[in-house]
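What follows is a single structure, written as structure tokens, with notes after it.
The values are calculated or read from the model by the stated rules, or taken from the named source; none is laboratory data. Bear in mind the structure is a predicted one, so any value in this text is a computation, not a measurement. Quick reminder, even Gly has a Cβ in these numbers, built from the backbone with ideal geometry, and neighbours come from all protein chains shown. Heavy atoms of the whole protein, side chains included, go into the accessibility calculation; ligands, DNA and RNA do not. Shrake-Rupley method; radii C 1.70, N 1.55, O 1.52, S 1.80 Å.
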Amino acid sequence: MFYEPAKGHGLPHDPSKAIVSPRPVGWISTRSNAGDLNLSPYSFFNMFSSDPFLVWFSSEKEKDSAAFARESGEFVVNLAGRDLLHKMVASSVDAPRGTSEFGYADLTPEPSVMVRAPRVKEAAAALECKVTEIFTPKTFSGRATESVVVAGEVVGVYIDDAFLTDGMFDVVKAGNVARLGYMDYLTVENVFTMRRPRWKAD
């Protein structure tokens, strides 16, 4: 089949998020200037530079995570692992503003080092971020969308030493969580190594 997204796909469910997958989950914690805490998972998330270390997350319409990040200039990306999958999903509840998803999902807010937003104490790793820019993407015709992209520079990294193996972060032990399409998720259970080729001039 072939379809133009603007005209619809004719399938029972939108396949776009299944095609563009797996996607890492950015479990974003923020703190408003008034002290309200928010914790929510975003599958529109990734890093886009390692030096400097830059990450971004995006939501369709501005939600509390983006609003608090805009207000405070900070956010934390917590690693969602296999053992926290159900609590991560619980934190996606559509709670009213001012309700802490930390309490709802039975998670512990742990003070960060470089930012005021707390990290999830139970998470195997966390990235403390300072907002670098917030923007609204446009369509090719120039029309503004309702999506909000929050980009940030990682200024501090927390790693639970229990998830280091021979000096490397062990993604199998942590069971990193990724989002697929529909209501589907996966966790990392095994990895394999492949080295990129190097061009040999004649």
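Annotations
- Identity of the residue in the stretch 154-164, part of a strand (DSSP E or B) and open to solvent by less than 50 Å² (accessible area, probe 1.4 Å), that ends up farthest from Val115 (Cα to Cα): Val154
- Scan of the stretch 43-53 for residues that are free of Cβ contacts under 8 Å to residues at least 24 places away in the same chain and open to solvent by less than 60 Å² (accessible area, probe 1.4 Å), ordered by number: Ser49
- Glu146 being touching a residue at least 60 places away in the same chain (Cβ under 8 Å) and either exposed (fewer than 14 other Cβ atoms within 10 Å of the Cβ) or touching a Gly at 6+ places or on another chain (Cβ under 6 Å) (or both): yes
- Gly181 fulfils the conditions (1) surrounded by fewer than 16 Cβ atoms within 10 Å (Cβ to Cβ); (2) in a loop (DSSP other than H, G, I, E, B) except for a single criterion, (1).
- Any hit, the stretch 45-52, residues being assigned to a loop (DSSP other than H, G, I, E, B) and over 21 Å from Val177 (Cβ atoms): yes
- So Ser91, is it modelled with pLDDT under 95, open to solvent by less than 30 Å² (accessible area, probe 1.4 Å) and not hydrophobic (A, V, I, L, M, F, W, C): no
- Candidates in the stretch 24-37 are the residues that are in a loop (DSSP other than H, G, I, E, B) and either open to solvent by less than 10 Å² (accessible area, probe 1.4 Å) or touching a residue at least 60 places away in the same chain (Cβ under 8 Å) (or both); of these, the one that is nearest to Pro109 (Cα to Cα) is Asp36.
- The requirement of being touching a residue at least 40 places away in the same chain (Cβ under 8 Å), open to solvent by less than 50 Å² (accessible area, probe 1.4 Å) and under 19 Å from the mean Cα position of the chain (by Cα) is satisfied by Ser40.
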